[in-house]
Amino acid sequence: MTIDTPSPVRPVDKVTEGEPLGASRSERLSAFAQQHGALVTLVLAVLAAWLSFDTFMTVDNTQNMAVSSAFLAVVALGMTFVIITGGIDLSVGSLFALGGVLAAWGSQYGTAVALLLPLAVCGLIGFVNGLLIARSRLAPFIVTLAAMLGARGILLAVTDEGSKTYLVDKDSFFATLGQGKVLGIGAPVWITVGLFVAGAVVLRRSRFGQYVYAVGGNEDAAALMGAPVARTKTAVYTLSGLCAGLAGALNAAWLVSGVTILGSGMELEAISAVVIGGTLLSGGFGFISGSLVGVLLLKVIQNVINQIGSLDSAYQQVVSGGFLAVVVIAQTWLGRRRRVL
Amino acid sequence: MPSTTGHDTRPVMGAAVLSVRGLSKTFPGVHALDGVDFTAHAGEVHALIGENGAGKSTLIKVLTGVYRPDPAATPGTGVITYDGSEVEFTTPLAAQHAGISTIYQEVNLVPLMSVARNLFLGREPRGRLGLIDFRRMHREAEQALRDLGVRVDVRRPLRELGVGAQQMVALARAVAVDARVVIMDEPTSSLEPREVATLFGVIRMLRARGVAVIYVSHRLDELYEVCDTVTVLRDGTSVHSGPIAELDRLRLVSLMLGREVGDVRDEGLTNFSGNHDTEAQPILEAQELTVHHQLRGVSLAIRPGEVVGLGGLLGSGRSETAKAIAGALPPDSGRVVVAGAAVRTGSTPAAIRAGVSLLPEDRKAEGIVPGLSVRENIALAALPGLSRFGLVDEARIDRVVDTFMKRLRIKASGPHQRVGELSGGNQQKVLLARWLAMNPKVLLLDEPTRGIDVGAKAEVQKLIDELADDGLGVLLISSDVEELIEGSDRVVVLKDGAVVEELTGDAVTEDRLLRAIAAAPATTADPRTRGGDDD
Amino acid sequence: MTDLSLGGRTRVDRDRLLHLLQNYGVHLGVAVLLLVNIAITPHFLSAENFRTQAVQVAPVLVVALGMALAIGSEGVDLSVGSVMALSTSLLSLYLGYGMWIALLIAVLGGVAVGVTNGALVAFIGVQPIVATLALMVAGRGLAQVLLPQLKDVRDPTMASLGSGDLLGVPYLVLIAVALALLVAFVVRRTTFGRQLLAIGDSRPAAKLAGLPVRRVLILVYVCSGALAAIAGVLATARLTASDPTSLGNLMELSAITAVVVGGTPLSGGRVRVGGTVAGAVLIQLLTATLIKHDLPPSWTQIAQAVVIILAVYAARERGRR
């Protein structure tokens, strides 16, 4: 073989726009299902509910759904980062509750304390989680499971073993963060939308975001390419703690009190939402908007189950557990087929 | 850019870029590198070759900051000189920043991220607010890849590319950081011929730019096609360094394997006795085994009481052949027939039931179960046969374990010692015992004596002999030419995943083996035309 | 620790000491807690107190036995708490058909969850954490769908199972001990036990040795599910009520803690049944001590979290060796 041009190389793969190499029609179909399956399901669910129940598309009901989705969505936002790095954070439910109680207690000293105190405490717990996982290389599920227990312990300690409920002054600025409305839409919804935009920009457009994907996609390769693996991991668990604490604080502002029994099982809801939204539980792939869709889908299903009335709200868990299983099986199959390719 | 016409016009070699002198690296109990000398010059393609355990990968890891070299015994030795000054790389990243890029055998990129993101990870072009400027990144990524002759949509996930194109992306990343030295560890092992051609084009371009390329491969044809100089490592030392054109293939193979052609040697240096040829019907026949990128229609037969050697360089498909026969590597096509009956391929239990047992090459990862005792490791495969209604028959296990520990002279503090604590030789004997307890018909032994001390080696060799005498069919894989020649009654020689020659009777000599391994390829046309052997 | 090889140097001694501590630290911990309690807790040395402690630890121990098998195979089963809830619901629902039928159905429910978990892990190749997480969510939901709210269990046989005793030893404790002995026997004396350990220690070697890896893995999760279901039955008998909303909450955590504290490494390849029993007892004693001295539940939870992290951290050191 003789080479005699200045660009001495023959093309290897010709890949033009709509025709990626090795992507058959079924491949692309499954990729589409992964990316937009949740959205399609959401639209269908909303349409079905709209047609079936007069009470579904009312202003009140949608308002309610939006606000109650907001808190879970903020938790799911942090969880998305964690799961993309290939980890899991089971402590968010406890941190959510702890954040709410700390915010309600802190609100007597002003809005700044009400916001900063939960952020500081929950962020610190997330940071410790991150250190134990990234530096000491302990398994994420067991570290965050312990943190779940520890955070609940702190919560009980702060509230006289759960007997004391701190109230938020209804007229304070902090309360308006939860109760106020802008353009007829609840303040928590606006805040959530803002956070999601910021989160999406960070994940897609910042160098940190690239590291998050790289660490989850192939940790060894990421390290060899110079990504700060340990720092990235520590950062995502800190972020998850911050998100859970903030969601708890906003929830306290909405309820104008710090309720101690909230948040248990929320970690599972958040994980379900993220995974249903198309993020791979094995890491390396996912997107913020999907998690939002996942949260909305869960809340619509919940709402429909409530509307039916005769159905117990526990069906919600059956459905989301079943969803989770189906999505995970599909992901594993997709992943395996691609590896063979 | 001056045109480099063909590979015969070699540019004048530049100054030494990266060199080591008297470099040593020891691990607990192992002398991986023992005084290696190696120098890579600017604008040369330097082949680094050697058999398994010769120290290639250790040398690369020392050069790229994964391992730290041993402290020098005498001043001036044991140090890495880069660009005229002594350096010490503490991390792979430090080596990369200094301009030494490595492309690993397995592509080390993130498959789920886009091509462009992979190319630019950690050095993305950033615009306003510190956000990544994707338009610029995609443009530059496309340009960088086009320079290497690859036209792909850089927005697509990396995994949608073929392995060759992925390799090119890794290369583009290595080149983009203004590398002075590019190390390629078996870059062609999973490439199609035309992708190899593209790769070679890139290598020549790098050479023209004055980059030092260190090229690790076992494919002799490639070495002669693309390399200027060669350094041969053996047993942790550099045994030869010089222009590759001055060495013919036979000489090169001799250096790698440490055997001289025409050397007259006394038999009996190993513990193998004479031959045990039989005229019996084959107990095992492998027919046209094919595995994509690994085996191309390998056929061979093993008769009872016969030791068949499997010769060839590293990467020629020796271990893959054994694994395909043992059901551990599912073949795309081909059959395995044991005692006249076809065995379901791709199933280890089926192969074991048929009486085929494999002693894997990677003893520690795939052979022993380190946390379990000697006793439990020996009984592991035979467990169902040593149980009644799912309950383990301890007395029978004790008898079996006792028999084999004595027969194979396994040295352990007792049957309850953890296998992970034993010496390599004794671990190997435990594995042999595991299979012998199954009464196999055929034993596939992949490097049975590697990494075990001399005494144990002799014992294992003697055992192999005894087993064949007892009527077992044995397939023996060994990088130790002496062991292979003296231990085998026949030797099947593999090259690039296909059988190239079969040595029988008086032809089983080191000379003939080396010549068979070194033989220039007939063509790369249709491998199947020369896959068969002559029985 | 009978066979000693060379030894004699301080380095070896320190390693051995660490090794001993990792293996028998949990027994030491139990002994220390007992002594401390005898010294400072009034009425600690009463039969009544021991009875209470033992009855409380029984369900946790039974769940932990199954968890030890899952962890020994290099997996984990997060669905155990939900299986307990499912089991109590099924038990309540079918109690009308007689206790034994109800019991059988409750255990079959656990087996079904185990088969699903096992199939997801062994055939589809889902990571154990993820597979059992899905069943953890769905299982509790299903339990609540079957039995929407707390229901009293008024069955004389169940009541006597919960509070009766034999020669002063409560039935619950007898059953838990019997199951512990059974699991120890299975791990030591059956082909399944040996194969499980080999698979947990080195999956590639087990595959190449021709072991039925998938069958063994499924059986592991079936055992875990069945044991969790039995624990659900025991807890129902003790409380004489079925409460699918709260029964078994955080049970996966307690069970994992007992197993890990008991010296079974999370990396698989070992199952220490005795250690698991001691681990469950340790956690129970710790909780009881704190409660008896009027330290609030908050302290108990924080203490438990710290113990888990310490145990995992210690196990990590062992893994590196």
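The values are calculated or read from the model by the stated rules, or taken from the named source; none is laboratory data. Keep in mind it's a predicted model, so treat the numbers as computed, not measured. For neighbour counting, all protein chains shown are included, and Cβ atoms are generated from backbone atoms with ideal geometry for every residue, glycine included.
Every residue, every condition in (1) out of contact with any Phe, Trp or Tyr (no Cβ under 9 Å at 6 or more places or on another chain); (2) assigned to a helix (DSSP H, G or I); (3) not hydroxyl-bearing (S, T, Y), yes or no:
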| position | (1), (2), (3) |
| --- | --- |
| B:I352 | no, yes, yes |
| B:L358 | no, no, yes |
| B:K364 | yes, yes, yes |
| B:N377 | yes, yes, yes |
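All of C:Q284, C:Q304 fail the test of being within 17 Å of the chain's Cα centre (by Cα), surrounded by fewer than 24 Cβ atoms within 10 Å (Cβ to Cβ), within 10 Å of chain A (Cβ to nearest Cβ) and over 24 Å from C:L196 (Cβ atoms), apart from C:Q304. Among residues of segment A:144-189 being within 14 Å of chain C (Cβ to nearest Cβ) and over 26 Å from the mean Cα position of the chain (by Cα), the one that is nearest to C:V307 (Cα to Cα) is A:A157. Whether any residue in segment C:73-82 is free of Cβ contacts under 8 Å to residues at least 60 places away in the same chain and in a loop (DSSP other than H, G, I, E, B) is what I want to check. No, because not a single residue in segment C:73-82 is free of Cβ contacts under 8 Å to residues at least 60 places away in the same chain and in a loop (DSSP other than H, G, I, E, B). Residues of segment B:292-333 that are within 14 Å of another protein chain (Cβ to nearest Cβ) and more than 13 Å from the chain's Cα centre (by Cα): B:H292, B:H293, B:A322, B:K323, B:A324, B:I325, B:A326, B:G327, B:A328, B:L329, B:P330, B:D332.
Restricting attention to segment C:184-202, the residues that are more than 10 Å from every other protein chain (Cβ to nearest Cβ), surrounded by fewer than 23 Cβ atoms within 10 Å (Cβ to Cβ) and not small (G, A, S) add up to 1.
Annotation note: of B:R155, B:R180, B:R123, the sole residue that is more than 10 Å from chain A (Cβ to nearest Cβ) and of a type in the set (D, E, K, R) is B:R180.
I'm trying to understand the selection: among the residues of segment A:135-165, which are of a type outside the set (A, V, I, L, M, F, W, C) and at pLDDT 80 or above?
If the condition is that a residue be of a type outside the set (A, V, I, L, M, F, W, C) and at pLDDT 80 or above, then A:R135, A:S136, A:R137, A:P140, A:T144, A:G150, A:R152, A:G153, A:T159 are the ones that fit.
If I ask for residues that are in a helix (DSSP H, G or I), among the β-branched types (V, I, T) and touching a residue at least 60 places away in the same chain (Cβ under 8 Å), which ones from segment B:185-228 would you list?
Step one: of segment B:185-228, the residues in a helix (DSSP H, G or I) are B:193-208, B:220-226.
Restricting the remaining residues to those that are among the β-branched types (V, I, T) gives B:196, B:198, B:202-203, B:226.
Passing the criteria: B:I203, B:V226.
Within segment C:121-130, the set of residues being at the interface with chain A (Cβ under 7 Å from one of its Cβ atoms) and part of a helix (DSSP H, G or I) comprises C:I124, C:I129, C:V130. Answer yes or no: is there a residue in segment C:162-169 that is part of a loop (DSSP other than H, G, I, E, B), within 14 Å of chain A (Cβ to nearest Cβ) and of a type outside the set (G, A, S). No, that holds for no residue. Within segment B:203-225, can you find the residues that are among the hydrophobic types (A, V, I, L, M, F, W, C), out of contact with any Ser or Thr (no Cβ under 9 Å at 6 or more places or on another chain) and farther than 18 Å from B:Y82 by Cα? Within segment B:203-225, B:I203, B:L206, B:L220 meet the criteria.
Applying the criterion of being among the hydrophobic types (A, V, I, L, M, F, W, C) and crowded, with 22+ Cβ neighbours inside 10 Å to the residues of segment A:125-137, the residue that is farthest from the other protein chains (Cβ to nearest Cβ) is A:A134.
Here A:G217 meets each of (1) modelled with pLDDT under 90; (2) more than 9 Å from chain B (Cβ to nearest Cβ); (3) surrounded by 20 or more Cβ atoms within 10 Å (Cβ to Cβ) with one exception, condition (2). The residues of segment A:237-290 that are acidic (D, E) and within 17 Å of A:A70 (Cβ to Cβ) amount to a single one, A:E269.
Being more than 10 Å from chain C (Cβ to nearest Cβ), touching a strand residue (DSSP E or B) at 6+ places or on another chain (Cβ under 6 Å) and either at pLDDT below 90 or closer than 25 Å to C:S267 by Cα (or both) narrows it down to one residue among B:V343, B:V430; which is it?
Only one candidate passes the filter, namely B:V343.
The sole residue among C:G268, C:G248, C:G225, C:G263 that is part of a helix (DSSP H, G or I) and either at negative phi or touching a Gly at 6+ places or on another chain (Cβ under 6 Å) (or both) is C:G225. Each residue in segment B:316-344 was checked for being assigned to a loop (DSSP other than H, G, I, E, B) and buried (at least 21 other Cβ atoms within 10 Å of the Cβ), and 6 of them qualify. Given the residues A:S68, A:S94, A:S107, which is the only one that is assigned to a helix (DSSP H, G or I) and over 18 Å from A:M266 (Cα atoms)? Just a single option satisfies the conditions, and that option is A:S107. If you take the residues in segment A:102-124 that are modelled with pLDDT of 90 or more and crowded, with 24+ Cβ neighbours inside 10 Å, which one is nearest to the chain's Cα centre (by Cα)? Across segment A:102-124, the extreme among qualifying residues is A:C122.
Only one entry of A:G241, A:G284, A:G245, A:G294 meets the criterion of being outside any helix (DSSP H, G or I), in contact (Cβ under 8 Å) with a residue 24 or more places away in the chain and surrounded by 21 or more Cβ atoms within 10 Å (Cβ to Cβ), and that entry is A:G284.
Scanning segment B:367-389 for residues that are more than 21 Å from B:N439 (Cα to Cα) and within 7 Å of another protein chain (Cβ to nearest Cβ) yields a count of 3.
Which numbered condition in (1) modelled with pLDDT of 85 or more; (2) within 10 Å of chain A (Cβ to nearest Cβ) is the only one that C:G114 fails? That leaves (2) as the condition not met. Taking the conditions (1) touching a residue at least 12 places away in the same chain (Cβ under 8 Å); (2) assigned by TED's automatic domain parsing to the domain that holds B:A47; (3) not charged (D, E, K, R); (4) not in a strand (DSSP E or B) in turn, B:M137 satisfies each one other than (2). In summary, helices (runs of 4 or more DSSP H) completely within segment B:401-492 and bearing 1 or more residues that are over 26 Å from B:G371 (Cβ atoms) and not hydroxyl-bearing (S, T, Y) occur at B:454-469, B:481-487.
Exactly one residue out of C:V312, C:V259, C:V273, C:V277 is at the interface with another protein chain (Cβ under 10 Å from one of its Cβ atoms), crowded, with 22+ Cβ neighbours inside 10 Å and under 18 Å from the mean Cα position of the chain (by Cα): that is C:V312.
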